[in-house]
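Novice: The structure under discussion is supplied below as structure tokens; questions concerning it will follow.
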Amino acid sequence: MFQAPRQIQSAAVGTTDVAVDFPSAGGLDLQGILSVLWRGKAAILLTTIAALVMALLFVVVVPHRYTAVTQILIDPTDFHAVGNDLTPTNQANDATVLQVESQVRVLTSDSVLRRVVSAEGLDRDPEFSSQSAGDGTDKSVAALNALKRSVRVKRAERTYVVDVSVTSHEPAKAARIANAIAQAYLEEQTDVRSDAARQVSQSLSARLSELKDRLRLAEDRVETFKAHNNILGSSGQLVNEQQLTDVDAYVE
């Protein structure tokens, strides 16, 4: 059989009011916050000191890196030989941009950077040649590889100006190496142009010698033809010329 549920009477026998102190939603319990901070002052102080010590160790232990930047203007007109056109061609084209980009690659080529290694003595600098002691690599090769990692070359957009940046532990060394790269590049271009001019001169000299030989051979053939056809006179002049000379002398 089902029984009806009994009514449970309230355990509170009276109407006593209970007061609960809730903080207001719009304010902060500053006294409580200060109390918590005061109780944890030791941990906060230790944490701050540890952070300062770590920052100091980072500054002291980790080596500084400085970057120096030099700029080189690459004029694409210098790479064109003198042409026969009466009007100059427009240089602002894709071919010109490709020429400049090619020179950007030349700036970081081994031939240019080897000049810098030799000029600045980087094969004796521990910053660039330290890796050669561990793996047995030649010092100059190790310095060359380290220099490649320290150099960045970039052409500014819509210009022929190239930025060469070098990173080093010393600011003066970074600036010195950046200038040395620019100087080595100019020397490399001078040598290339000198070799090209020398080759052109040798080619022209060979061509001129060949033309002289052909001219001498042609003159010999002409003289042989004259002799075979009795064209020469007794004085070495042509017969017609000799006759005209005789007529002039007779008239006078």
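Each reported figure results from applying straightforward, stated rules to the coordinates on display, with no laboratory input. This structure is a prediction, so every number in the text was calculated from the model and none was measured. A quick note on method: Cβ atoms are made from the backbone with ideal geometry, for glycine too, and the neighbour counts reach across all protein chains shown.
Novice: I'd like the Karplus ³J(HN,Hα) series for the stretch 105-120: coefficients 6.51, -1.76, 1.60, θ = phi - 60°, whole numbers in Hz, and an x wherever there's a Gly or Pro.
Specialist: Per residue, the Karplus-derived 3J(HN,Hα) values read 5, 5, 4, 9, 6, 5, 4, 6, 5, 5, 4, 5, 4, 6, 5, 9 Hz.
Novice: If you don't mind, another one. Add +1 for every Lys or Arg and -1 for every Asp or Glu among the other residues with Cβ under 12 Å from the Cβ of residue 200, and state the total.
Specialist: Numbers: positive: 193, 198, 207; negative: 195.
My count for the surroundings of residue 200 gives +2.
Novice: Using DSSP to call loops (not H, G, I, E or B), can you name the trypsin sites (Lys or Arg not before Pro) in the stretch 138-229 whose Cβ has at most 15 other Cβ atoms within 10 angstrom?
Specialist: Sparse-neighbourhood loop trypsin sites (Lys or Arg not before Pro): 158.
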